[in-house]
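The next block holds one structure in the form of structure tokens; read it before the comments.
The values are calculated or read from the model by the stated rules, or taken from the named source; none is laboratory data. Computed from a predicted structure; not experimentally measured. So basically every Cβ, Gly included, is an ideal-geometry build from the backbone, and we count neighbours across all protein chains shown. Surface accessibility is based on the protein's heavy atoms, side chains included, excluding ligands, DNA and RNA. Shrake-Rupley method; radii C 1.70, N 1.55, O 1.52, S 1.80 Å.
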Amino acid sequence: MMIPARLVLAVQDSRYVEPLLNYVHGSSYGSALQVTAFTRVESFLHYMDAGETPNLVVGDADMLESWLSRGEASVPWLLLSEGHTALSLMEGCDSTPKYQPLPQLLDIMITRCKRSGGTLEKLNSGSTPVIGIVSSLGGSGKSTIAMNMAKQLGVLGLRVFYLNLESVNSSALFPSGSVGMEGSFSRLLYDVKASQESASETELSIAPYIIRHHGLKCDSFEPSFNVKEISEMTVDDTSLLLTSLISCHHYDAIVVDTEGDSGERLQAVLEQAGLLIWVLLDDLISMHKSGVWLDQLELKSPALFGSVRKRSRFIVNRYTGQLVNGLPRKDMSIDGVLPYIPSWKQLHREDLLLSSPIYQREVLKLCQQLLEGSGIMPVHAGGGK
């Protein structure tokens, strides 16, 4: 499972601890680290005896010596040094300056957690989680959410693949910064078809078609501009593509940006995604269409509907602080909201859709709320003394 890296901070100076905790909670690091802090030796030792085993202990010399003097430590630790000679118990230990820029210090802690088998590594041996971003209507901000979610998961250090299944690929507005083969997605779709038609059932190789999308901080395919070709993708085509991405075991999460209709590509995502995020708007048309879409799925395929419903979470995009329209079904509830960004109404630079501090912060919070316990990403930070 992917859970937060559990960090114990043991520093006697509360004037050092409190600003650090405040910074963690107010930044993207709050989604990568669960910090439990102690300023008293007795509380720290009691926690280490009875508390949940952390991935890393970070502390000053006095606090660490009081703990290490009791015997060999089974938990990795990191000394916050102040320039004086290390105590005998700590000779040869890992250390980092106590006073340095907080982002730099927290990056060191996260890296140390990774080296120690921390939770930012992929710990689950099961299949890669697939997150499907879906909506019953176009223009709901689905693609903006999908791309921002892929980016934020990538920023947290996870290996993410962004798969766009729209007929017109929205991510084409955001250059990847990588050079891919011209028409590579068309070639990939040819390989998909050929693999299914081959009597020997040749395994589909997707590696040659993967590019690094530097703007999204994740991997992706080169966007295709052949609308007809993508529109003709079948359930089997899409399923094989998803299965190939999952089975390569290179990714901690696959974020799928779907078409806003009930086509075959969406059908495959509904069947294979471990988590389905439904994007709603607080208006009559959005609520109506979402309700009708789910009604029809329940009528035509009750078994699939039951499975989809268990894996679905509903969020309201462009939320202004109060929900005016009621939900169309009694079995629906709002699981999260994302804010309305007024400056996007007259947007003239595409990159601003991926760089709004407010929106990025709320996407991270949404990830915390929706993905907790799903095996996809680190969640909430906490603190205590």
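Of the listed requirements (1) open to solvent by less than 60 Å² (accessible area, probe 1.4 Å); (2) touching a Lys or Arg at 6+ places or on another chain (Cβ under 9 Å), HIS250 misses just one: (1). Filter the range 205-246 down to residues that are in a loop (DSSP other than H, G, I, E, B), open to solvent by less than 20 Å² (accessible area, probe 1.4 Å) and not polar (S, T, N, Q) and give me whichever is farthest from GLU264 (Cα to Cα). It comes out as LEU216.
Applying the condition of being open to solvent by less than 60 Å² (accessible area, probe 1.4 Å) and without any contact (Cβ under 8 Å) to a residue 24 or more places away in the chain to the range 308-330 and asking which residue is farthest from SER135 (Cα to Cα) yields GLY321.
In summary, LEU137 fulfils each of the numbered conditions (1) under 14 Å from LEU216 (Cβ atoms); (2) modelled with pLDDT of 80 or more with the single exception of condition (1). Taking (1) out of contact with any Lys or Arg (no Cβ under 9 Å at 6 or more places or on another chain); (2) farther than 19 Å from TYR209 by Cβ; (3) modelled with pLDDT of 85 or more; (4) open to solvent by 10 Å² or more (accessible area, probe 1.4 Å) in turn, MET109 satisfies each apart from (4).
Residues of the range 10-38 that are of a type in the set (Phe, Trp, Tyr) and under 19 Å from LEU79 (Cβ atoms): TYR16, PHE38. Pairs are defined by a Cβ separation below 8 Å, a sequence spacing of at least 6 or placement on different chains, a first member in the range 15-44 that is in a strand (DSSP E or B), and a second member that is β-branched (Val, Ile, Thr) and open to solvent by 70 Å² or more (accessible area, probe 1.4 Å); no pair meets this definition.
For the range 192-221, filtering for residues that are at pLDDT 90 or above and closer than 18 Å to VAL168 by Cβ leaves 2. Within the range 336-384, the set of residues being among the hydrophobic types (A, V, I, L, M, F, W, C), touching a helix residue (DSSP H, G or I) at 6+ places or on another chain (Cβ under 9 Å), modelled with pLDDT of 60 or more and buried (at least 18 other Cβ atoms within 10 Å of the Cβ) comprises VAL337, LEU338, LEU353, LEU354, VAL363, LEU364, LEU366, CYS367.
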